[in-house]
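Reading through the structure tokens given below for one structure.
The values are calculated or read from the model by the stated rules, or taken from the named source; none is laboratory data. Given the structure is predicted, the values throughout are model-derived calculations rather than measurements. Note: ideal-geometry Cβ built from the backbone for every residue, glycine included; neighbour counts use all protein chains shown. Just so you know, the surface numbers come from the protein's heavy atoms only, side chains and all, with ligands and any DNA or RNA stripped out. Shrake-Rupley method; radii C 1.70, N 1.55, O 1.52, S 1.80 Å.
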Amino acid sequence: MTRYCLFDLDGTLTDPEAGIVASMRHALSAAGVAEVEHGRLRAMIGPPLQDGFLRLGVPRDRVADAVHAYRERYTAGGMYENEVIAGIPAVLEALVAGGWTLAVATSKPAVYAEKILVHFGLDGFFAYVAGATLDGSRRHKADVIRHALDVLGAPPEAAVMIGDRGEDVAGAAECGVRCVAVTWGFGDAAEFAAPGVIAVADTPARLLDVLTRTAAGDPPAGVAS
């Protein structure tokens, strides 16, 4: 029976767009990269930071400088230019009451994710926060998911990954974990077309319904809308 649920953070539990985009602009300026339009910056929310800067045109030998500048702006307040997705606390409360073990699995450094969860009063719902390491040695979603499963002692078949980006879908598939994609984040429908995606939910209430039916052994209804 499925009883472990791994949640992505950015775009799934919270909407961090304002703080992340502002921090990216600061970082790109520090690395000498010309102004980048908002849509391209928004599309970088979710994937590992180092990889995102390369896609945005930061020379490989300046990526470390960009990451340093980003973290300066982000830790000075950008991480809290953020808000909890409406309805998410009720979902987390219901899952815990239903006997689920919850964890966060994010490509954001765990030290930042933990502070964000505490700031917004979400930390008490999660048994563990799995994230990237500050040196980037663990940053891709599959590695984060494996780490979370190892710490929790959870078999892949007993877990579900919840996320809003293709990285969540692909990372879960690589680890043999089923995935529920959510549409209120930063991804689009094209990112969710994979066999391991058991449902696509468009609201937190629909997400709870999918997870409740999954835990009971009932087949999910595909796209929950």
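The criterion of being of a type in the set (Phe, Trp, Tyr), more than 12 Å from the chain's Cα centre (by Cα) and open to solvent by 10 Å² or more (accessible area, probe 1.4 Å) does not hold for Phe186. Gly32 meets each of the listed conditions (1) under 20 Å from Lys141 (Cα atoms); (2) not in a helix (DSSP H, G or I) apart from (1). Do we have any residue at all in segment 28-46 that's basic (Lys, Arg) and touching a residue at least 24 places away in the same chain (Cβ under 8 Å)? Looking for residues that are basic (Lys, Arg) and touching a residue at least 24 places away in the same chain (Cβ under 8 Å), one finds at least one in segment 28-46, hence yes. Candidates Val210, Val200: the one that is over 20 Å from Pro48 (Cβ atoms), at pLDDT 95 or above, open to solvent by less than 10 Å² (accessible area, probe 1.4 Å) and β-branched (Val, Ile, Thr) is Val210. For segment 9-22, does any single residue satisfy the condition of being open to solvent by 50 Å² or more (accessible area, probe 1.4 Å), under 30 Å from Asp150 (Cα atoms) and not in a helix (DSSP H, G or I)? Scanning segment 9-22 turns up at least one residue that is open to solvent by 50 Å² or more (accessible area, probe 1.4 Å), under 30 Å from Asp150 (Cα atoms) and not in a helix (DSSP H, G or I).
Is it true that some residue in segment 81-103 is assigned to a strand (DSSP E or B) and open to solvent by less than 20 Å² (accessible area, probe 1.4 Å)? Within segment 81-103, one or more residues are assigned to a strand (DSSP E or B) and open to solvent by less than 20 Å² (accessible area, probe 1.4 Å). Would you confirm whether any residue within segment 113-130 is modelled with pLDDT under 95 and crowded, with 17+ Cβ neighbours inside 10 Å? Taking every residue of segment 113-130 in turn, none turns out to be modelled with pLDDT under 95 and crowded, with 17+ Cβ neighbours inside 10 Å.
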